[in-house]
Each structure stands twice: as C-alpha cells, then as structure tokens.
Amino acid sequence: MDRTRLLRLERQAKARAEARAVMDGVAETVALERGRGAAIAQPPGRAMRAKPYQRQTGLEWLGRKGRLSAEEVAAGKRYGAAYRRARQDPAIPSTLEARPQGGQPAGQSLKALLSQAHGTAQARDLLAAYRRSLLMQSEMVSACDLVCGEEMTPREAAGGDRYGARLEAVLRVALSILARG
C-alpha cells in the first residue's frame, strides 16, 4: 500500500510540475506577443483550469477600449470581410471538365467553382467601392487593410507605439468615413 501511495504522489508531483511548465510557457508566449503589440484577452481568474487566453483582432481591441464606436467597428468588419474574400482566389483546374478522371470527382464542381469565383469578384468590386469612398488615400486604405483585413492591432501593424498611435488616428478617420457611407 505504501508503495502505490508513493507512486501516486510521484505521478501527481510530475503532473503539477508539467502543468506549471506549460503555464510558464504560455505566460512567456503571451508576454512576447504583447510586446510585439498583439491584443490578448486575459482569462478570468488564475486557476489552472481557467479559460484560455484569446487573441483579439485590432478592431475588437479598439472597440473594447472605447476608441471606436459600434458603427465604426461594424464598418471595419464589413471592410475586413470584403478584403479577405477578395484575396481568395479559387484554384482553377487545368481542364474545364468538372470530372476529368473517368467520372471521379476531382474536387469542386464547375458550378461551385464558378459560384466561388463570382463571389470573389463581387467582393473585389465591394472593396473597390470602399476604397473609392476613402478617395483612394493610400494611408487610409493601408490602415484599413492592416487592421480590418489582416486583423492586426495598430501597434503590430506599425511596429511600435509611436507609429501605432498615428495609424490608429488614420484608421479612426477612415472608419468614420466608411460608417457614414
């Protein structure tokens, strides 16, 4: 009995040490990401079984900090969705035949492929309209692309606090224009 008890205690100690090492690794990763400018939501409490850390997008972080209005956040989400969809290029097969290998499906059907291409083209048109409403101002378009489309925080996108504040100011102007339009 004594031996089984000692083995159980040893396993528990190893499990606790491993859990502590994992928590230390997570804390180090979170600290490094925050140092790079990433917005990380901290889980409630500090118990071992607490909810995991969650990386926030730039729009979520700015909205939670009260730096953007709800309308501006919504406009940024619309811009980001159009940006990400416009960047999707469907894989075009080397043949127009939907089933090139003896009737075996080779992936998407031609109808699905054309539907996806049509949606991507619509997203490109919508993104172009958003950019025209920003008067094609390169700094505003770039700020929207990085924060709304690539989902970076202003500090991550700009590479530091000084330029991050400037990028955030440009983004706020761009999103207020998009929210009004």
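What follows draws every value from the coordinates through simple rules; no lab data is involved. Every value quoted in this text rests on a predicted model; they were computed, and no experiment measured them.
With the biggest extent put first, the Cα atoms of segment 122-181 measure 34, 19, 17 Å across the principal axes. Near Thr153, the amide H atoms lying under 5 Å from its own belong to Ala39, Gly58; only residues 5 or more places off or on other chains count, and H is placed 1.01 Å from N.
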